[in-house]
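The values are calculated or read from the model by the stated rules, or taken from the named source; none is laboratory data. As the structure is a prediction and not an experimental result, all values here were calculated from the model. Reconstructed Cβ throughout: ideal geometry from the backbone, glycine too, with neighbour counts over all protein chains shown. Note: accessible area is taken over every heavy atom of the protein model, side chains too, but ligands, DNA and RNA are not part of it. Shrake-Rupley method; radii C 1.70, N 1.55, O 1.52, S 1.80 Å.
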Amino acid sequence: MNTPHFSFELFPPRTPEAVAKLPAVISKLAAARPEYFSITYGAGGSTQDGTYETMMAVVNHTGVEVAPHLTCVGSTFANIAALLDRYRAAGVKRIVALRGDLPATAMSPSAPGDFHYASELVSFIRKTHGNAFQIEVAAYPEMHPQATGPTADFDHFCRKVEAGADGALTQLFYNPEAYFEFMERCQKAGIRIPVVPGIMPITNYANTVRFCAGCGADLPRWIHLRLEELKDDKPALIEFGIGAVTRLCETLLRNGAPSLHFYTINQVQPTLRLCENLALAARRSAV
Ligand SMILES: Cc1cc2nc3c(=O)[nH]c(=O)nc-3n(C[C@H](O)[C@H](O)[C@H](O)COP(=O)(O)OP(=O)(O)OC[C@H]3O[C@@H](n4cnc5c(N)ncnc54)[C@H](O)[C@@H]3O)c2cc1C
């Protein structure tokens, strides 16, 4: 296993306490030398300023590259153009281009807004800014929950690549076979962009079940049962989660994953412990 590369996702803090803690969170995570921090963005612009401020906090505290997420559903060409200009003026070189989620009525083909799918956002960025931004898009090894089927969903992923995506970050998953099968489909379709697994640390029973249900990810039965058993013993649950996710990451890296993107949920310890375990494993295999 080669020395792994990581990137980290942050979300804009929502309470004054979380805002106050953010610089320390960023500095501690930056110590693991991530390739970049990505920062989430609320569909419909709900956390637009929060994304910008969090991004600037990373720039000011660490100098590590940033990649703001940008969701397009419900937005106009003018809104998106203004945001892209703002990001470009701030020196941003990478964007995570997404559709986002709004209530079902807001996503019908007749809904207001100039965009309905992420592929349209990718085309728009390329049309208006050429290659000024590296564009990452979302990939779903276990299928996007609203897709009509795995083949249609994969075809829609291919459209984002054809529109100009440079790379993809996956939805969280705990079943590595789903990622390997997705990569086989990419290989057969001639898709060569890096598809980086999105890794969600496990630190809590209810949240893990909720996250998986929300995005249609399979929570393997053995993990579910162990988390349920340990749900009232937080230290033991955290140790179990670190072990299970370390093994998932090792399996992915050993079998060709180009790097890993951690959904940190603004928590330092789980992500840093995973990175330390993976760096140690890489050093062991190099000896
Ligand atoms: C790495 C990552 C980061 C994320 N960050 C954020 C964030 O910051 N903020 C946020 O609000 N959400 C975020 N999300 C969630 C994301 O917005 C949702 O999963 C959303 O439902 C889909 O976004 P998408 O970009 O994958 O959409 P798309 O690629 O547009 O796909 C959405 C659905 O439409 C279908 N589809 C695509 N094109 C067509 C077409 N031409 N015709 C018919 N059907 C089509 C697809 O199969 C899929 O079911 C993130 C997800 C991931 C994986």
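Once the other residues with Cβ under 15 Å from the Cβ of ARG88 are scored (Lys, Arg +1; Asp, Glu -1), what is the net sum? My count for the surroundings of ARG88 gives +3. Rounded to the nearest 10 square angstrom, VAL19 shows an accessible area of 80 square angstrom against a 1.4 Å probe.
Dividing the summed helix terms, -39500 (n - 2.57) for each DSSP H run of n ≥ 4, by the number of residues in the chain produces a 222 nm estimate of -16000 deg cm²/dmol to the nearest 500. Rounded to the nearest 20, the Cβ-based charge dipole of the chain about its Cα centre (Lys and Arg +1, Asp and Glu -1) stands at 540 debye. Projected label points at ALA152 and ALA78, each 7 Å from Cα along the beta carbon direction, are separated by 3.4 nanometres.
Close amide H contacts of LEU10 (hydrogens built in the peptide plane, cut-off under 5 Å, sequence separation of 5 or more or a different chain): SER38, ILE39, THR40. For ARG94, the amide hydrogen comes within under 5 Å of the amide hydrogens of GLN134, counting only partners 5 or more places away or on other chains and with H modelled in the peptide plane.
For trypsin sites (Lys or Arg not before Pro), the sites in segment 1-82 that DSSP calls loop and that have at most 14 other Cβ atoms within 10 Å are ARG14. Extending each Cα 7 Å along its Cβ direction at ALA132 and ALA213, get the distance between those two points in nm, one decimal. If labels sit at ALA132 and ALA213, their model points lie 4.4 nm apart. Around MET1, what is the net charge, scoring Lys/Arg as +1 and Asp/Glu as -1 over all other residues with Cβ under 9 Å from its Cβ? Around MET1, the charge tally is +1.
When the convex hull of its Cα atoms is viewed from all sides, segment 154-277 shows a mean projected area of 7.9 nm². Taken over the alpha carbons of the chain as equal point scatterers, the Debye sum produces base-10 log I(q)/I(0) values at 0.12 Å⁻¹ of -0.78. The order of VAL92, VAL161 by accessible area, most exposed first and with a 1.4 Å probe, is VAL161, VAL92. In this structure, the residue pairs whose Cα-Cα separation is over 32 Å, taken from LYS21/LYS93; LYS21/LYS160; LYS127/LYS188; LYS28/LYS160, are LYS21/LYS160; LYS28/LYS160. Distant-in-sequence amide contacts of VAL196, defined by a placed amide H-H separation under 5 Å and a gap of 5 or more residues or a different chain, comprise ALA168, LEU169, THR170. Pairwise alpha-carbon distances in segment 1-158 exceed 25 Å for 35% of all pairs.
Summary of the geometry: segment 1-36 and segment 60-82, compared by the centres of their Cα atoms, lie 18 Å apart. Computed over the chain, relative contact order equals 21 percent, with contacts defined as Cα pairs under 8 Å that lie 6+ residues apart. Solvent-accessible surface of the chain, averaged per residue with a 1.4 angstrom probe and all protein chains in place: 48 square angstrom. Computed over the Cα atoms of segment 8-94, the ratio of the radius of gyration to the Kirkwood radius (Rg/Rh) comes to 0.97. How high is the FRET efficiency from ALA20 to GLU276, r the C-beta distance, R0 35 Å, rounded to 0.05? For R0 = 35 Å, the calculated efficiency reads 0.85. Per residue, the convex hull around the alpha carbon atoms of segment 128-207 comes to 124 Å³. Note on segment 210-287 and segment 142-170: Cα centroid distance 25 Å, given to the nearest whole angstrom. Computed from point charges on the beta carbon alone (+1 for Lys and Arg, -1 for Asp and Glu), the dipole magnitude for segment 54-191 about its Cα centre is near 480 Debye.
Within the accessible area of segment 81-224, the carbon and sulfur atoms contribute 53%, probe 1.4 Å, all protein chains present.
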